[in-house]
Amino acid sequence: MVRAKQVSFFTRHISFFFLLPAFALFTAIFMYPTAYSLYVSLFQYSLVHKNIPKLFRGFGNYLEVLADPHFQNSLLITGKFIGIVLPIEALLGIGLALLLNRESRGMRLVRIAFLFPMMITPVTVGLMWRFMYNPEVGFLAHYLIKDLNWLGSTRYALYACALVDVWQWTPFMFLISFAGLRSLPREPVEAAFVDGASRIQIFWYVTIPLLKRVLLIAITLRLLDALKIFDIVYIMTRGGPAVTTDVFSILVYRVGLHFFSVGYAAAMSWIFLAISLTTAIVLLKICKFEI
Amino acid sequence: MKNKRRIVVFLVMASILVGLVGLTSATFAQMSDKKDSITLHILTPLMSYATAMQEIVGEEFTKRTGIKIEVETVPYSVIHERTVFELTTESPSYDLITGGAEYADEIVASGYVLSLESFMADPTLPRLQLENLSTWSDPFNIHKGERYAISINDTPDGYIWRKDLFEKAGLPGAAKTWDEYLDYAKKLTKGDVFGAVLLMGAQDEGQSGFMRRVYGFEPFEDGRYIYNSKNEVIIDNRKAVRALEIMKGVMPWSPPGTLSYAYGEGNTAWMQGKIAQATTWLDMLQEVEKPDVSKVAGLNGYSPMPGVEPTRVYNAMAGSQEMWINKASEHPREAYKFMAYLSEGEAYQHFFDYGELGNSCLAVRNNPENWAKSPFMAMWAQVEKTLPLVTGHPEFPEEQRIMYDEVAAFLSDKKSAQAAIKDMAANLEKLMKKAGYYD
């Protein structure tokens, strides 16, 4: 009779021990700050004003944030910003992917060139466009629209920031759409062609349904990213002129790192996280994805 | 056998990791031990005195004491955030920090900077020669009877105007009232020159611009304008509404995008000769009298602020840049030695020579040779009365933001003047209650 081999505790759980360092790092740089942020959001807490006592407020900060006109304004502006950039980026990205989904001489280089904006750091992009928008020496003022200070106009500043975001992140939509197009099976398209469908009909009734999931993933990713927009706006307008580009991240930055009301800023961040998560979940549920 | 091998591999990898971490720490420790001399790190806004501090003042100090100076500059628009961020993390990265008087109370009350009293009483340390420095900004440097800072750069706000353009337009001289200022702005706007500018892109200047107009009236209550002596908000009145309207009046004769002009843009536009008159903190006009960078060097007039009525009493806001010792500094005595060196006075002459219009050293301010180089210095003597900028509250940055938001809302036609002032008063009151000044 063969005796069953005794497996030690360490051997049975060896994978856990290998994961331990990564888990420790994850806890230190993510779990702990997140938990601390939630804890701080329940307090009236200022890092600089020692005369304002650190008081437990429960959900008081949250209620105050929801009633704060600055918060409401920033939500409105962020929503407006997303409403402008997302459809344009999606349409342009898909359009470019369709246009460049062919093999010809130099097409690969063209496709790579279209990706360049995405590779530049947002701060550099912001600085570059800020100079381009400059009414004195900027390219746009000199050669396109004269006598218009885009970044100084309460009417156009948000659109100016949106244009920059579209310029930088349309390549992302293009990349995802292109990858999706390339991975589509050829048979349905060929079958539709054989059945006499026109190109537009093939695109609308075959290609788009097959691409739907990929596109929605791309739109969801861009939406979540656009919700967090900060660097471009900060470099170009810092939320001005007159809070017309005061997107949510800029407001939190100001409250948390200019006034150092960290409790209030943390509450704002958690509310916005809830809004972002809800939006993402709703979007995916609409398309009947399972989370 | 396979499991034993896994255990051995794991232990070897863990040992390598621990070894690497230990080696790195030891290397850094050794590097810091190897430093024979002390280096003082100074954080300052990007201003002319910072350049002077790094290029000449620091070198002279090093020759005398062996202590090195490293100056790091950031734009003025972010110096407050950077300063408070460094101080609240209790980081020893910077030994000395300079910044604006508008948040002096906030920094001192928060306990992140050192009192100078113990250093001043220490006979082994050089004497802080306060008699060489003006007392203009003492309200910002002295807190509850203890000195926490010295001033690097006193400046009032003031009125700068282009003498050549005024002469061409047949105007008699600097405007004495805000109505005259507006009238001149209309007459001076020609070609690519604008008659005035509002620097609404900067919170500090946006709020200050409003307060300049407010200070053109007689005080509202208790000799004050925003709060009375009990910290009750008193800004909600028709004179403040009128001040907003006066401010908006010049917008049609300001450059497009004036709502986004910060100090940097305003300074550049001035040096390029695009603006005919402006009211601002005069230390923000960096290098406007330096012919190698400014097209308008020698063409500028400096005058007291316009008022509301011709018989108004001149009031100026006092501003300055202070220097504090970081509580977390590893070299506080050496930092104090640098302050004492500055207080001897020669450093302030270097600041002036590098383009700083404002100055805290009496010898520099009262030197007729400097008056010849900078008409601003001569104007300083005309200042008869001043009002301190800082309201005395550590919450001033938030107060300033509240006022700035309402001013910006009115100037961008989002609110009427009355609504803006009403909301300003309500939000200031909310802040005072939250800060515990009253229920």
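The values are calculated or read from the model by the stated rules, or taken from the named source; none is laboratory data. In this text, all values refer to a predicted model and were calculated from it rather than measured experimentally. Cβ: placed from backbone, ideal geometry, glycine included. Neighbour counts: every protein chain shown. Keep in mind that these areas ignore ligands, DNA and RNA; they rest on the heavy atoms of the full protein, side chains included. Shrake-Rupley method; radii C 1.70, N 1.55, O 1.52, S 1.80 Å.
For segment B:257-358, trypsin sites (Lys or Arg not before Pro) meeting the loop criterion (DSSP other than H, G, I, E, B) and having at most 13 other Cβ atoms within 10 Å: B:Lys295. Here the simple spin-label model places points 7 Å from the Cα toward Cβ, and for A:Tyr159 and A:Glu136 these points are separated by 2.6 nm. Under 24 Å Cα-Cα from B:Lys190, which lysines qualify once same-chain neighbours fewer than 8 residues away are excluded? The qualifying lysines are A:Lys146, B:Lys163, B:Lys168, B:Lys176, B:Lys248, B:Lys274, B:Lys295. Listed by chain and number, the lysines whose C-alpha is less than 16 Å from the C-alpha of B:Lys327, apart from same-chain residues fewer than 8 away, are A:Lys50, B:Lys337. Among the protein heavy atoms of the protein assembly as shown, carbon and sulfur supply 62% of the accessible surface, probe 1.4 Å, non-protein parts ignored. Quick one: grab the alpha carbon gyration tensor of segment B:91-169, order the square roots of its eigenvalues as a ≥ b ≥ c, and give me rounded if a/c is under 1.5, else prolate or oblate depending on whether a/b is larger than b/c. It comes out prolate by the Cα gyration axes. The value for the protein assembly as shown of Rg(Cα) / (2.2 N^0.38 Å) is 1.13. Only alpha carbons enter this Debye calculation for chain A, each as an equal point scatterer, and the log10 of I(q)/I(0) it gives at q = 0.09 Å⁻¹ is -0.64.
Annotation: amide H of B:Leu133 within the under-5 Å range of B:Leu362, sequence separation 5 or more or interchain, hydrogens built in the peptide plane.
Per residue, the protein assembly as shown exposes 48 Å² of solvent-accessible protein surface, assessed with a 1.4 angstrom probe and all protein chains in place. Pop out the Kirkwood hydrodynamic radius of segment B:248-291 from its pairwise C-alpha distances, inverse of mean 1/r, in Å to one decimal. Taking every pair of different Cα atoms in segment B:248-291, averaging 1/r and inverting gives 11.1 Å. Only beta bridges with both residues in chain B are counted; by DSSP, about 65 percent of them are antiparallel.
The simple spin-label model puts a point 7 Å past each Cα toward its Cβ; for B:Glu245 and B:Thr124 those points are separated by 6.6 nm. In the elastic network of chain A, a GNM with C-alpha springs shorter than 10 Å, the most mobile of A:Ser104, A:Ser46, A:Ser261 is A:Ser104. One quarter of the surface of the convex hull around the alpha-carbon atoms of chain B equals 28.6 nm², the direction-averaged projected area.
Backbone geometry of segment B:278-284 corresponds, through the Karplus equation with coefficients 6.51, -1.76 and 1.60 at θ = phi - 60°, to 3J(HN,Hα) couplings of 7, 10, 6, 6, 5, 6, 7 Hz, x marking Gly and Pro. Mean-square fluctuations from a GNM of chain B, with a 10 angstrom spring cutoff on Cα atoms, peak among B:Ser118, B:Ser320, B:Ser93 at B:Ser118. The convex hull around the C-alpha trace of segment A:69-198, projected and averaged over every direction, spans 11.7 square nanometres.
Residues considered: A:Phe30, A:Phe230, A:Phe81. Largest GNM mean-square fluctuation over chain A, using C-alpha springs under 10 Å, is found at A:Phe30.
How big is the A-B contact in terms of buried accessible area, both chains counted, 1.4 Å probe, rounded to the nearest 100 Å²? Between A and B, the summed buried area is about 3200 Å².
Only aspartates and glutamates eight or more places from B:Lys373 in sequence, or on another chain, were considered; those with a Cα closer than 15 Å are B:Glu287, B:Glu289, B:Asp292, B:Asp353, B:Glu356. In segment B:2-142, the ratio of gyration radius to Kirkwood radius, Rg to Rh, stands at 1.18 when only Cα atoms are counted.
Qualifying trypsin sites (Lys or Arg not before Pro) in segment A:54-111, where qualification requires a DSSP coil assignment and no more than 14 other C-beta atoms within 10 Å, comprise A:Lys54, A:Arg102, A:Arg105. Just name one of A:Pro122, A:Gly93, A:Phe23: the one whose Cα is farthest towards the positive end of the charge dipole of chain A (beta-carbon charges, Lys/Arg +1, Asp/Glu -1). Farthest towards the positive end: A:Phe23.
Applied to segment B:104-109, the Karplus parametrisation 6.51 cos²θ - 1.76 cosθ + 1.60 on θ = phi - 60° returns per-residue 3J(HN,Hα) values of 4, 4, 4, 5, 5, 5 Hz, with x for Gly and Pro. Loop-located trypsin sites (Lys or Arg not before Pro) in segment A:197-244 (DSSP state not H, G, I, E or B) with no more than 15 neighbouring Cβ atoms inside 10 Å: A:Lys228. Heavy-atom accessible area, probed at 1.4 angstrom with all protein chains present, ranks A:Val65, B:Val193, B:Val12 as B:Val12, B:Val193, A:Val65, highest first. With R₀ fixed at 35 Å, the C-beta to C-beta distance from B:Asp292 to B:Asn366 puts the FRET efficiency at about 0.85. Of the residues in segment A:245-273, those shielded by at least 20 Å² of accessible area once partner protein chains are present, compared with the chain alone at a 1.4 Å probe, are A:Tyr253, A:Arg254, A:Leu257, A:His258, A:Phe259, A:Phe260. Rounded to the nearest 20, the Cβ-based charge dipole of the protein assembly as shown about its Cα centre (Lys and Arg +1, Asp and Glu -1) stands at 3660 debye. With contributions of -39500 (n - 2.57) from each DSSP H run of at least four residues, the per-residue ellipticity at 222 nm computed over chain B stands at -13000 deg cm²/dmol.
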